[in-house]
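Q: Below are the structure tokens for one structure; questions will follow.
The values are calculated or read from the model by the stated rules, or taken from the named source; none is laboratory data. As the structure is a computational prediction, the values presented were derived from the model and not from experiment. No Cβ is skipped: glycine too gets one built from the backbone with ideal geometry, and neighbour counts run over all protein chains shown. Remember, those area values only see protein heavy atoms, side chains included, never the ligands or the DNA or RNA. Shrake-Rupley method; radii C 1.70, N 1.55, O 1.52, S 1.80 Å.
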Amino acid sequence: MPLATAGRRAGLVSCALMVIAALNGCGTGPTAAPPTAVTPTTSKPQSPTSLPSGTTRSKPAESFTVNQPCMELVSRMSRSDQVGQLLMVAVSSSGIGPSEKAIVDRTRAGSVLLLGNSRAGMHAVRDVVSRVRDAARSPEGVDVMLAADQEGGLVQRLKGPGFTRIPSATVQAKQSDAQLRQNAYDWGRQLRSAGIDANLAPVADVVPTGMVWMNQPIGQLRRGYGSSPRTVAAKVAAFTEGMNEAGVATAVKHFPGLGRVRGNTDFMTRVVDRTTTRHDAALAGFSAAIDADVDMVMVSSAFYRKIDAEHRAAFSTMIIDEMLREDLGFSRIVISDDLAAAAMRNLPPDERARRFIRAGGDLLIIGDASLATTMADAIKDEASDDQAFATRVTESAARVVAMKERRGLAQC
């Protein structure tokens, strides 16, 4: 996320304030039960996948088709349980409170994001994870997925004893691909030990050399791997492969790129990219992530004038269905950026949820838990009135459950 889980301040008047915001939060009885995902392998991460050249098409969509048993499992769910699989509700990384527990239970949220910075260490995070799992009401055969933002640098939400201090992407980019892959594997093992199933990383945005200090969401915060699409692609692939070897799901972001914007969607209602095109060379990092078996692609909340000037990326069928699904061959999870961030506040919460699903999105990040019930109810109501929308909901829930099965969180 462009620090969608990084803070909740209404305005940004300077780069300094934005950095402060980034440091203050995410855009979390005895120790928890052992993680339920597939046990990480002890083998070393493999060699990197071949890099795309410019906009080389990634794996064909057929290789990511939802398996029939998962579709059948979802088809047997109630509408409430199906909708719950589409929700990633944020709770405090320092502990889930009574109101958050009630919301997670009522919405049947299938995923929970640990929101904000914690320096308490692994044992404390395990305790939070255990309490979240106790609060979740999951359908039979499907567990709740726990996620965190663990990019590195200013965006490392979980710190303290048991967690390595992860360097920023600009520092990671100086490592060899093999070393970064190994490091990502080690960081992923730490997340798994804490009970975290998914990491909302890596960042694939390419920031042109001349824009680094004008680009608020990526360049100023040192979240990017560089200005060369080929370099970014190599590092994104290495990070994704390392996390995958550790058994951690990943979400590459922020499609189709936030490297050429100036404003930050966490703090501004309208951020516009006037440069990126449908077949842009700067998409190489996303293509590389798909080739590296990334689980999710996060769609940005910005507008892209040369692609679809009328709709935010998160609400654009051109960007989700045509660019991401058809051009890049991706049919796993399309996840939103924070639908509670400033970029979305000119729309009622219920409309944000409906528009994202209509455009082809699967999994909603809801950084403000108080909005989750409204969004869940809006999706259920729309599905009751519109069969095509109801079909979208079922398909998206099946994609989420299929991802969970790959990660040991579901039995289809």
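Q: Please list, by residue number, everything in region 222-255 whose backbone N is under 18 Å from a paramagnetic label point 7 Å out along Cα→Cβ of N67.
A: 247-249
Q: Determine the principal axes of the Cα atoms in region 257-301, then give the extent along each, sorted from largest to smallest and rounded to whole angstroms.
A: That works out to 32, 21, 12 Å along the principal axes.
Q: Turning to a different aspect of this structure: Which of the aspartates and glutamates could a cross-linker bridge to K306, judged by Cα under 14 Å and excluding same-chain residues fewer than eight apart?
A: Partners found: D273, D280.
Q: Please report Rg (one decimal) and Dmax (integer) in Å for the Cα set of region 90-179.
A: Calculated on Cα positions, Rg and Dmax stand at 15.2, 46 Å.
Q: Around A184, with a cut-off of 9 angstrom between Cβ atoms, what is the net charge of the other residues, counting Lys and Arg +1 and Asp and Glu -1?
A: Values: positive: R181; negative: D186, E241, E245.
Taking every Cβ under 9 Å from that of A184, the sum is -2.
Q: For region 160-214, what number results from the quotient of the Cα radius of gyration and 2.2 N^0.38 Å?
A: Against the empirical 2.2 N^0.38 Å value, I get 1.34 for region 160-214.
Q: Separate question: Suppose R0 equals 35 Å; then what is the FRET efficiency for D381 and D134 from their Cβ-Cβ distance, rounded to the nearest 0.05? Don't jump to the answer; show the numbers that get you there.
A: Numbers: r = 29 Å, r/R0 = 0.84.
Between D381 and D134 the formula returns 0.75.
Q: Another question, then. Excluding ligands, DNA and RNA, what is the solvent-accessible area per residue of region 84-153 at a probe of 1.4 Å, expressed in Å²?
A: 33
Q: With a 1.4 Å probe and all protein chains kept in place, how much accessible area does F389 have, in Å² rounded to the nearest 10?
A: Accessible surface of F389 is approximately 10 Å².
Q: Further, regarding this structure: Roughly to the nearest percent, how much of the accessible area of region 338-412 is carbon and sulfur, given a 1.4 Å probe?
A: It is 40 percent, rounded to a whole number.
Q: Binning at 5 Å from 0, report for region 132-255 what percent of all alpha-carbon pair distances ends up in each bin.
A: Once binned at 5 Å, the Cα pair distances of region 132-255 give 2, 12, 21, 23, 17, 11, 7, 4, 2, 1, 0.
Q: Which value, to two decimals, describes the C-alpha radius of gyration of region 315-391 once divided by 2.2 N^0.38 Å?
A: Dividing the Cα Rg of region 315-391 by 2.2 N^0.38 Å gives 1.10.
Q: In Å and on Cα atoms, what radius of gyration and Dmax does region 127-181 show?
A: Both quantities, over Cα of region 127-181: 15.8, 45 Å.
Q: Could you give the alpha-carbon Rg of region 193-264 over 2.2 N^0.38 Å, rounded to two decimals? Could the numbers behind the result be given before it?
A: Details: Rg = 13.0 Å, N = 72, 2.2 N^0.38 = 11.2 Å.
That ratio works out to 1.17.
Q: Next up: Suppose accessible area is computed on protein heavy atoms with a 1.4 Å probe; arrange R354, R230 from highest to lowest.
A: Result, largest first: R230, R354.
Q: Per the Cauchy relation, a quarter of the hull surface: what is the mean projected area of the convex hull of the alpha carbons in region 258-385, in nm²?
A: For the Cα atoms of region 258-385, the hull's average projected area reads 7.7 nm².
Q: Something else: Tell me which aspartates and glutamates have Cα within less than 19 Å of K101's Cα, excluding those fewer than 8 residues away on the same chain?
A: List returned: D81, D127, D134, D143, D368, D377.
Q: Excluding F239 itself, calculate the net charge of residues whose Cβ lies under 10 Å from the Cβ of F239, where each Lys or Arg counts +1 and each Asp or Glu counts -1.
A: Cβ neighbours under 10 Å give a net charge of -1.
Q: Would you mind giving the average projected area, over all directions, of the Cα convex hull of region 71-121 in nm² with one decimal?
A: 4.2
Q: Taking the Cα centroid of region 124-152 and of region 360-400, what is the distance between the two, rounded to the nearest whole Å?
A: 20
Q: Region 373-412: D in µm²/s via Stokes-Einstein (Kirkwood Rh, Cα pairs, 25 °C, 0.890 mPa s)?
A: 222
Q: Of the listed peptides 203-210, 156-163, what is their order by residue-averaged count of other C-beta atoms within 10 Å, with the highest listed first?
A: The packing order, highest mean first, is 203-210, 156-163.
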